[in-house]
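The values are calculated or read from the model by the stated rules, or taken from the named source; none is laboratory data. The shown structure was predicted, so the numbers you read here are calculated from the model rather than taken from an experiment. Here the Cβ positions follow ideal geometry from the backbone for every residue, glycine too, while neighbour counts run over all protein chains shown.
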Amino acid sequence: MDVKKVGKLLMEYEQGVLITNEQQEIIWTSPMIEKIYNKKNIIGCKFDDLFPMSLDAVICSNKIMKTAYGKKYSIKAKRIVDEKKQYIFIFIHDSEDFSNDKIRLHCLENIISSLNDGIIMSDAQGRIVLYNSAQEKLEELKGKDIVGKYLWEGYNYKATEMSEHQKVYKTGESIVNKYKAHAYKEGIPKYVFYSTYPIEKDGERIGVFSISKNETRLKTLLSETIELKRKLTNKQLPKDKSNEENGTSYTFSSIVGESEQMKNLIREAQTIALLDNNLLIVGETGTGKEVFAQSIHNFGKTSKEPFVAINCAAIPENLLESILFGTVKGAYTGAIDQVGLFEEAGDGTLFLDELNSMPISMQTKLLRVLQERQVRRVGGLKTTSVSCRVISAINESPEKIVKEGRLRQDLYYRIASLCLYIPPLREREQDILSISYFFIRKYNVLMNKNVKGFSSQLSEIIRTYRWSGNVRELEHVLENLMIRVTQDEKELRIEDIPKYMRALIMGENAASKIQKKANSLPETLRDIEKRIIVESLNKNDWNISKTSRDLGIIRQSLKYRIKKLEIEVPEMERTYKI
């Protein structure tokens, strides 16, 4: 054996190499050994002369050597026989040499295994080669069961094309910040927030890895923050005398409105609350029918009794009967003994919202219960007395739906012993701003803002817009406005209206003004021209060139008309778009 050639060859893989003969005399050494001992003449020395351990012990197992100045080295040895001669190869490497690939790999494996974020890596063929403990916790899978399998086997995909790792491997395009479930536990998806990247070496893709964020702590902190915010909000917002134990959240003090119309409506509702008659509340969607229903319940003599509400439009016909009247075990497959809402309401109030959506066949059964004041569970023989007050609500004209056959006339007379009509917000112009300021105060607290009111232009738009969605739509718009202002802004402005709302609100506002100001033909034509231009500008994102083409006029003419008609350009659009 040419010892020198073999030693130099081994140095390609390990910098510290010693070779001894059968007598354990050093016959060849790499430069690293000379540096460790700062000695030039090592050849001929015995292993025991240099190392504080026996060579036989090193051959049996790896050892750690510590020098006088605290440096640690790992030592391992192997005995080889060649042409009846025996040689011992000793390999020494610096345990703290981070340029050493083995040490770096060992450290990286330790880091990956202790990360709080999940790591999964696959090779070019789609086999899972790495799956750390954090990923195990996130997806509730075992690394020992999944490592070595193809991705589609480990995750039970129906086809290899469903593997995102293989897609990233083939395209080289990363997938960043995605929220999806790949693993399922007893049919329950395990969603993770992750990013997936290709791995390249020497210009070639060799694998793919994903980093999955462990958001458990973040979610916990977020939940704690929300709960603290809720408690703070409850302390700062005006308190109702509502009784949450009876299933309500509102009283008459919850109702905001300064108009004489609203004051009269509240007085009428308070009078009705003292009576036992069934009540029909009529009002468009978003006018606050359930707020009035709860307030009437809490103002009456049965306020301590339950308030039970159901939206008739949200429940399928085949379930509505069993929910209202209850069921007896065995009435149909899966049926159990269950109390219906009429029984649950007891001596309190049953609120039937959107009654006009109830099927005619169900209206017939409801009428019978209201007439006889007796209810029988589905599949049962025993009847139970009904003692609750029934408040119904519809969002259309009762005369209209009776005429169209969508509400039984006899049922209408039964539920409308008393009737309360809530006018739409557009008919209560005085209340629009007072309700708006209520919501501003509410979202100042929730969003930590300091808004005091509106700009004059926005105030006019808010006051004259039709609000087809009533109070609900008004709150939705104001919440979006409040989100867009900074903490130091005091006013809400036109510029704060989201673009998708701006065209609708400002366009309808212009039309409303035309109807009110049409004193002469020239004024009417001017308002119509202004409305058409504003609508086109909004539609084209205030792009002058596009708008002029849309209107069939030249750019200069459009700019002239914008100036002449005193069209206010929103601040964010002040620099005209070409």
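Return the residues of the range 375-410 that are on the phi < 0 side of the Ramachandran plot and among the small types (G, A, S); say none if nothing qualifies. Those that are on the phi < 0 side of the Ramachandran plot and among the small types (G, A, S): G380, S385, S387, S392, A393, S397. The lone criterion from (1) assigned to a helix (DSSP H, G or I); (2) without any contact (Cβ under 8 Å) to a residue 40 or more places away in the chain left unmet by K301 is number (1). Within this structure, G453 fails the test of being under 30 Å from K365 (Cβ atoms) and either touching a Cys at 6+ places or on another chain (Cβ under 6 Å) or of a type in the set (G, A, S) (or both). What do you reckon, is G330 over 40 Å from the mean Cα position of the chain (by Cα) and closer than 22 Å to I266 by Cα? No.
Per the conditions (1) among the β-branched types (V, I, T); (2) under 34 Å from the mean Cα position of the chain (by Cα); (3) surrounded by fewer than 18 Cβ atoms within 10 Å (Cβ to Cβ); (4) at pLDDT below 75, the sole criterion not satisfied by T486 is (4).
Is it the case, given these coordinates, that F91 is surrounded by 17 or more Cβ atoms within 10 Å (Cβ to Cβ) and under 30 Å from M53 (Cβ atoms)? Answer is yes for this residue.
Yes or no, residue by residue, for (1) under 24 Å from R373 (Cβ atoms); (2) among the small types (G, A, S); (3) buried (at least 21 other Cβ atoms within 10 Å of the Cβ):
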residue: V291; (1), (2), (3): no, no, no
residue: I296; (1), (2), (3): yes, no, yes
residue: P306; (1), (2), (3): yes, no, no
residue: A309; (1), (2), (3): yes, yes, no
residue: E317; (1), (2), (3): yes, no, no
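Checked against the criterion of being of a type in the set (A, V, I, L, M), buried (at least 20 other Cβ atoms within 10 Å of the Cβ) and under 26 Å from K301 (Cα atoms), the range 327-340 contains not a single residue that satisfies it.
For (1) of a type in the set (D, E); (2) within 10 Å of R377 (Cα to Cα); (3) in a loop (DSSP other than H, G, I, E, B), each residue gets a yes or a no:
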| position | (1), (2), (3) |
| --- | --- |
| I315 | no, no, yes |
| S322 | no, yes, no |
| D347 | yes, no, yes |
| F351 | no, no, no |
| N356 | no, no, no |
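In this structure, is G453 surrounded by fewer than 18 Cβ atoms within 10 Å (Cβ to Cβ) and at pLDDT 90 or above? Considered against the rule, which asks whether it is surrounded by fewer than 18 Cβ atoms within 10 Å (Cβ to Cβ) and at pLDDT 90 or above, G453 comes out as yes. Applying the set (1) modelled with pLDDT of 85 or more; (2) crowded, with 17+ Cβ neighbours inside 10 Å; (3) touching a Ser or Thr at 6+ places or on another chain (Cβ under 6 Å); (4) on the phi < 0 side of the Ramachandran plot to E491 leaves exactly one unmet item: (2).
Screening L458 against (1) touching a Pro at 6+ places or on another chain (Cβ under 8 Å); (2) free of Cβ contacts under 8 Å to residues at least 60 places away in the same chain leaves a single unmet condition, (1).
Residues that are touching a residue at least 40 places away in the same chain (Cβ under 8 Å) and farther than 21 Å from L275 by Cβ within the range 368-394 comprise V375, R376, R377, V378, G379, G380, T384, listed in sequence order. Of the numbered conditions (1) exposed (fewer than 15 other Cβ atoms within 10 Å of the Cβ); (2) of a type in the set (G, A, S); (3) under 26 Å from V485 (Cα atoms), S436 satisfies every one except a single condition; which is it? Unmet condition: (1).
Selection of the range 21-49 for residues being modelled with pLDDT under 75 and small (G, A, S) yields an empty set. Every residue in the range 439-484 that is among the hydrophobic types (A, V, I, L, M, F, W, C), in a helix (DSSP H, G or I) and within 18 Å of G288 (Cα to Cα), please. F439, V471, L474, V477, L478 - these are the residues of the range 439-484 that are among the hydrophobic types (A, V, I, L, M, F, W, C), in a helix (DSSP H, G or I) and within 18 Å of G288 (Cα to Cα).
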